[in-house]
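Presented below is the structure to which this report refers.
Every read-out reported here was derived from the displayed coordinates using simple, explicitly stated rules and does not represent laboratory data. Keep in mind it's a predicted model, so treat the numbers as computed, not measured. No Cβ is skipped: glycine too gets one built from the backbone with ideal geometry, and neighbour counts run over all protein chains shown.
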Amino acid sequence: HVWHWIDGGPTDLDNLVLLCVHHHHVMHEQEWTIIFEHGIPSFIPPRWIDVEQKPLRNIRVDYPLTL
């Protein structure tokens with residue numbers, strides 16, 4: 001959950017990001033922020049990692065899935 005369910009966040013696909021256990025803890029412990037741009041999650045690092053806090057994306061999800 002990007003907006004945690006205990007704080008009233010919905011449990012739907014527009015509020016979910018799939019992370020491994022390690023990165024789930026990194027998001028919470030290092031105070032990263034997750035935003036959605038056109039339905040794709042972007043990750044904003046804390047200031048001590050990037051002073052400008054530029055959103056980062058996993059470029060693998062930017063390519064269309066071909067089956």
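For the chain, the Cα gyration tensor yields ellipsoid semi-axes of 20, 18, 11 Å (square root of five times each eigenvalue, largest first, whole Å).
You can think of it this way: the chain between residue 28 and residue 14 has 3.1 nm of extra reach, that is 0.36 nm per residue less the Cα-Cα gap.
In a reduced charge model with +1 at each Lys and Arg Cβ and -1 at each Asp and Glu Cβ, the chain shows a dipole moment near 200 debye about its Cα centre.
For residue 60, project a label point 7 Å along Cα to C-beta. Then give me every residue of segment 29-46 with its amide nitrogen under 12 Å of that point. Of the residues in segment 29-46, none has backbone N under 12 Å from the label point off residue 60. With contacts taken as Cα pairs under 8 Å and at least 6 residues apart, segment 5-62 reaches a relative contact order of 20 percent.
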